[in-house]
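Encoded as structure tokens, the structure appears first; notes follow it.
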Amino acid sequence: MLTALRLSLSSFAFRRAAAASPRGAVRWHRLACTVAPTLVPSYRALVDLLRDQENRWAARAIAQEAAERFPENSDAWMLLGLGWQLVYRQQEALAAFEQALVLAERPDAALEAGTIYERFGQHADAAERFARAYAAGGGPEALRHNAEALFHAGDEAAAEQALTLWAKQIPEGLERLPGIRADLKAGRRAG
């Protein structure tokens with residue numbers, strides 16, 4: 001019964017936040033987060049609101065609180081990864097996205113992790129995460145990222161297979177394929 005009451009209060013606070021001023025919304029979302037027995041939408045809404053107010057460290061702290069309160073929830077770890085990205089801490093963000101992947105096969109977590117690995121120049125790791133993203137339902141865009149990472153990792157045959165598969169899944173993909181190949185090769189020469 002206490003859990004139901006806490007959920008009701010959290011839902012009430014979330015609804016009140018939607019009608020409040022930005023400052024009032026922060027207070028209502030904080031209340032919702034404090035009383036909620038589960039990860040509630042107010043965590044994400046509060047992080048977004050604080051980010052919009054340029055209070056990035058406070059947003060990251062709320063995301064950290066969510067991950068600490070709900071360590072078995074992959075959504076909480078995704079939120080923490082995004083929170084770390086708000087304050088430009090890529091290594092910490094990567095660790096959070098990897099933890100989300102430990103808990104659930106998530107295309108969004110795999111895409112985020114792959115993007116960070118690419119920034120670090122770890123193209124083989126990036127390609128593996130993009131392949132996981134595709135396998136988890138990340139769609140053709142995950143395949144394209146996979147192909148690019150494979151190409152930069154030096155596995156041109158695998159990159160070609162991924163690009164061909166990508167081209168078959170999107171409208172006019174086969175027509176776009178030569179241009180993408182040229183861009184990849186030009187990028188390698190320039191990079």
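GLY173 - would you say it is surrounded by fewer than 16 Cβ atoms within 10 Å (Cβ to Cβ), of a type outside the set (Ser, Thr, Tyr) and at negative phi? Can you show your working first?
Details: surrounded by fewer than 16 Cβ atoms within 10 Å (Cβ to Cβ): no; of a type outside the set (Ser, Thr, Tyr): yes; at negative phi: yes.
No, not satisfied.
Screening ASP48 with (1) closer than 29 Å to MET1 by Cβ; (2) surrounded by fewer than 21 Cβ atoms within 10 Å (Cβ to Cβ); (3) within 15 Å of the chain's Cα centre (by Cα) gives one miss only, at (1). Picking from residues in segment 114-151 that are under 15 Å from LEU163 (Cβ atoms) and among the charged types (D, E, K, R), the one that is farthest from the chain's Cα centre (by Cα) is GLU148.
Only one residue in ALA149, ALA167 is under 20 Å from TYR117 (Cα atoms), touching a helix residue (DSSP H, G or I) at 6+ places or on another chain (Cβ under 6 Å) and either at pLDDT 90 or above or not hydrophobic (A, V, I, L, M, F, W, C) (or both), so which one is that? Outline the logic, then answer.
Numbers: ALA167 fails: under 20 Å from TYR117 (Cα atoms).
Criteria check complete, one pass: ALA149.
Checking each residue in segment 126-140 for being over 14 Å from GLU98 (Cα atoms), crowded, with 21+ Cβ neighbours inside 10 Å and hydrophobic (A, V, I, L, M, F, W, C) picks out ALA127, ALA131.
Summed over segment 74-113, residues that are within 10 Å of the chain's Cα centre (by Cα) and at positive phi total 0. Among the residues of segment 49-72, those identified as under 21 Å from ARG23 (Cα atoms) and outside any helix (DSSP H, G or I) are GLN53, GLU54, ASN55. Here GLY81 fulfils each of the conditions (1) surrounded by fewer than 20 Cβ atoms within 10 Å (Cβ to Cβ); (2) not assigned by TED's automatic domain parsing to the domain that holds GLY139; (3) not aromatic (Phe, Trp, Tyr) apart from (1).
Yes/no matrix, rows are residues, columns are (1) touching a His at 6+ places or on another chain (Cβ under 6 Å); (2) farther than 27 Å from GLN64 by Cβ; (3) assigned to a helix (DSSP H, G or I); (4) not charged (D, E, K, R):
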position	(1), (2), (3), (4)
ALA95	no, no, yes, yes
GLU148	no, yes, yes, no
ALA157	no, yes, yes, yes
GLU160	no, yes, yes, no
LEU163	no, yes, yes, yes
LEU177	no, yes, yes, yes
LYS185	no, yes, yes, no
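Have a look at GLU92, GLU72, GLU68, GLU112 and point out the one that is of a type in the set (Asp, Glu) and either in the same structural domain as ALA135 (by TED's automatic domain parsing) or surrounded by 20 or more Cβ atoms within 10 Å (Cβ to Cβ) (or both). Write out each step before concluding.
Numbers: GLU92 fails: either in the same structural domain as ALA135 (by TED's automatic domain parsing) or surrounded by 20 or more Cβ atoms within 10 Å (Cβ to Cβ) (or both); GLU72 fails: either in the same structural domain as ALA135 (by TED's automatic domain parsing) or surrounded by 20 or more Cβ atoms within 10 Å (Cβ to Cβ) (or both); GLU68 fails: either in the same structural domain as ALA135 (by TED's automatic domain parsing) or surrounded by 20 or more Cβ atoms within 10 Å (Cβ to Cβ) (or both).
Just one listed residue meets the conditions, GLU112.
The values are calculated or read from the model by the stated rules, or taken from the named source; none is laboratory data. Keep in mind it's a predicted model, so treat the numbers as computed, not measured. So basically every Cβ, Gly included, is an ideal-geometry build from the backbone, and we count neighbours across all protein chains shown.
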